[in-house]
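Peer 1: For reference, the structure I am asking about is given below.
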Amino acid sequence: MTKNRVSVITTTAAVIFALLISSAYTSKVAAQKPVQPPNEEIQREVGHQLRMLNLYTVFDNLEYGVDGSRVILEGQVTNPELKSEAIASVKKIHGVTEVQDNIKTLPLSNDDDRIRRAAYRSIYGDPLLSRYGFQSVQSIHIIVEHGNITLEGDVSTEADKNVAGIRANSVEGAFSVKNNLSIHGEL
């Protein structure tokens with residue numbers, strides 16, 4: 001009977017040793033795998049969620065920042081439901097603990113609506129800029145408030161940025177144009 005006990009103890013020791021070696025190897029492999037910081041994962045997911053919003057149009061501008069697990073939403077929207085939808089979708093993201101809402105709902109105005117439509121036709125009707133209109137979320141956003149146009153978003157070249165500004169300046173009834181377009185190479 002002593003022989004069995006020693007055999008059981010030896011077998012148990014061998015199993016424990018094997019588990020320790022396996023655990024150490026698994027930990028080493030896991031440590032070698034590049035782990036993305038939670039902040040980057042949250043940033044990517046927030047951007048994705050905002051682009052997927054049903055009510056998000058070329059006349060809205062949503063921007064965000066991530067500070068740890070807190071998301072700061074900014075921008076301008078024409079529809080208050082879009083603002084609510086944006087906040088709700090970001091709150092559902094794993095790892096987000098707080099959402100700070102700095103989104104401005106633009107006032108209702110028939111004149112601003114007319115200027116939005118005219119600016120859209122002028123910008124996206126231009127042969128050089130029409131390609132930006134075929135994206136799932138257009139990259140040139142036209143924000144109109146009290147007759148003032150602000151262009152937000154990304155374009156590929158300085159020439160595209162300049163043409164968009166010129167086209168927006170040609171819109172009848174617009175008081176001013178602010179061109180905040182960023183140049184990000186090929187989009």
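Peer 1: Tell me, what ³J(HN,Hα) does each residue in region 110-115 have, in order and in whole Hz, if you take phi through Karplus 6.51 cos²θ - 1.76 cosθ + 1.60 with θ = phi - 60° and put x for Gly and Pro?
Peer 2: Ordered by residue, 3J(HN,Hα) equals 5, 5, 5, 4, 5, 5 Hz.
Peer 1: Distances over 14 Å make up what percent of all Cα-Cα pairs in region 38-105?
Peer 2: Numbers: 1112 of 2278 pairs.
Here the long-distance tail beyond 14 Å is 49 percent of all Cα pairs in region 38-105.
Peer 1: Place a point 7 Å from the Cα of Met52 along the Cα-to-Cβ direction; which residues of region 75-90 have their backbone N under 20 Å from it?
Peer 2: 81-90
Peer 1: Amide H of Phe59 versus every other amide H placed in the peptide plane: which residues, excluding those fewer than 5 positions away on the same chain, fall under 5 Å?
Peer 2: Ile142
Peer 1: If you don't mind, another one. Taking θ = phi - 60°, what integer Hz values does the Karplus form 6.51 cos²θ - 1.76 cosθ + 1.60 yield along region 68-79, in sequence order, with x for Gly and Pro?
Peer 2: With coefficients 6.51, -1.76 and 1.60, one gets x, 9, 9, 10, 10, 9, 9, x, 9, 9, 8, 10 Hz.
Peer 1: Label-point separation (nm) for Glu63 and Ala88, each offset 7 Å from Cα along Cα-to-Cβ?
Peer 2: That separation, rounded to one decimal, is 2.6 nm.
Peer 1: Relative contact order for region 110-183: what is it in percent, counting Cα pairs under 8 Å that are at least 6 residues apart?
Peer 2: Relative contact order comes out at 34 percent.
Peer 1: Cα gyration tensor of region 110-183, axes a ≥ b ≥ c as square roots of the eigenvalues: rounded (a/c below 1.5), prolate (a/b > b/c) or oblate?
Peer 2: Numbers: a/c = 1.73, a/b = 1.53, b/c = 1.13.
Taking the square roots of the gyration eigenvalues as a ≥ b ≥ c, region 110-183 is prolate.
FYI, it's all coordinate maths here, none of it is from the lab. Keep in mind that this is a model prediction, so the values were computed, not measured. Don't worry about glycine lacking a Cβ; one is built from the backbone with ideal geometry, like all the others, and counts go over all protein chains shown.
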